[in-house]
Amino acid sequence: MPPRRQPPAPQGESKTGLVVALIFFILTSLAFGVVAYLFYDESKQAASKEKEARDAAANAKKDADEQQVARIIYAGYLGTITEKDISLLVNLQKHANYDTTLGALNDKYKNVGINWDPNTSRSTPACDERIRKLVEENTSYAQKLKAAEDAAKAAATDYVSKIGVEEAGKLAAQKGQRTANEAEVKAKADKSAELLAAFKAIEDVREELANLKKTMDTKDIDARKQIAALQKTIDEKDTKLKKILEELESKREALFSDKPHGRIVRVDNHNGIAWINIGSADFVRPQLTFSVSAPNTAGISGRRDRKGAIEVTRVLEEHLSQVKIVDVTNATQDPILAGDQIFNPAWDPSRQIRVAVAGHIDFNGDGFDDTPELVRNLQKIGMVVDSWLDLKEIKVEGTGITGVTEYL
């Protein structure tokens, strides 16, 4: 029996293998590409670092060469250059620092006779040799100067000896004369300055005396004016005082010629109080004052003698008030007693006296206004002050003027 033929593979299985192979190829290509890129980038970075290192080395060598050129040239100027330094300098002559350093040193030392010899790569002469030569020249100059000074002194001595003693004396006399003349001129100048100072002092004293006299005259005139003003003020005060005394005298006469306004009904001399027979019906009020006199008595002048004074402290009834004894003329021989009569010429028991005070009141002549004190005294004796001028506050005080107000 012949063998059976295998059926052909399905078309789908052969395509799957191809796809797998294709994917593997693509992934492999990508991997090789990434690896190649990474290796290329590292190579590029390494090349860059290598270039930086070469540049740094070149700069370092350049700096080292500059320092080497400067060192060798300075050694040549100082005379300490070696053959090895000369060989190195031949190779470094093309260096930029060579001409710069050499030019600066040539400019610095050419004024003292030191120059650079490019053939020997040394200065001619060397600095230390030139310094030694300058020291020698300076020493030589010092010696020559001393010799010249010694020669001048010897010449002067010889000259003095030649002109002789007479000439020397003449010169000394001339010098003495000049000294004397200078002293005389100085003395005259000092004396002139002293005289000028004295004249100035005298002039100052005269001016001071004139000013003092002028001041004294002015003060004397002012003093005379002040004395005249004070005398005028004293005269005015005397006139005013005389007028006040006349008014007091007239009031005193009125007091003792007036009728009594009441009498004392009881006295307590131990406590200094008393009682009078007038009260609220008679317009009596506290602080009202009265003079006290014995009943039906008169002195040598025909007027009643004053025994003392009382002041109302309390109004008790219509016709009874308590008073305190404020003054006794003779408490031992003539005390205030019950039955004594009381007087107040400014007080009217039938009506209250109302007044207004205007003007400047000055009791003691001190120049200050005493209107408030006058108002208090008038109120104490029972008068009503309707209006007065307060000169301190510059305003009118009181309840106001009425039709029955009298002026003082």
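Here are a few things to note about the model shown:
- This ranking places 293, 140, 280 by how few other beta-carbon atoms lie within 10 Å of each, fewest first, which gives 140, 280, 293.
- For the stretch 352-408, the antiparallel share of DSSP beta bridges with both residues in that region comes to about 35%.
- Among residues other than residue 221 with Cβ under 14 Å from its Cβ, the summed charge is +2 (Lys and Arg +1, Asp and Glu -1).
- Counting neighbouring beta carbons within 10 Å and listing from fewest to most, the residues 261, 360, 270 come out as 270, 360, 261.
- Cross-link table 259/380; 146/175; 62/108; 108/133, entries beyond 22 Å C-alpha to C-alpha: 146/175; 62/108
- Nearest-0.05 FRET efficiency for residue 150 and residue 172, computed from C-beta distance (R0 30 Å): 0.70
- Our estimate of slack between residue 231 and residue 217, defined as 0.36 nm per intervening residue step minus the Cα-Cα distance, is 3.0 nm.
- Between residue 392 and residue 44, the modelled label-to-label distance comes to 11.1 nm, taking each label 7 Å out from Cα in the direction of the beta carbon.
- Close amide H contacts of residue 114 (hydrogens built in the peptide plane, cut-off under 5 Å, sequence separation of 5 or more or a different chain): none are found.
Any read-out appearing in this document is the output of simple, stated calculations on the displayed coordinates, not a laboratory observation. The structure presented is a predicted model; accordingly, all values stated were derived computationally and were not measured. Quick reminder, even Gly has a Cβ in these numbers, built from the backbone with ideal geometry, and neighbours come from all protein chains shown.
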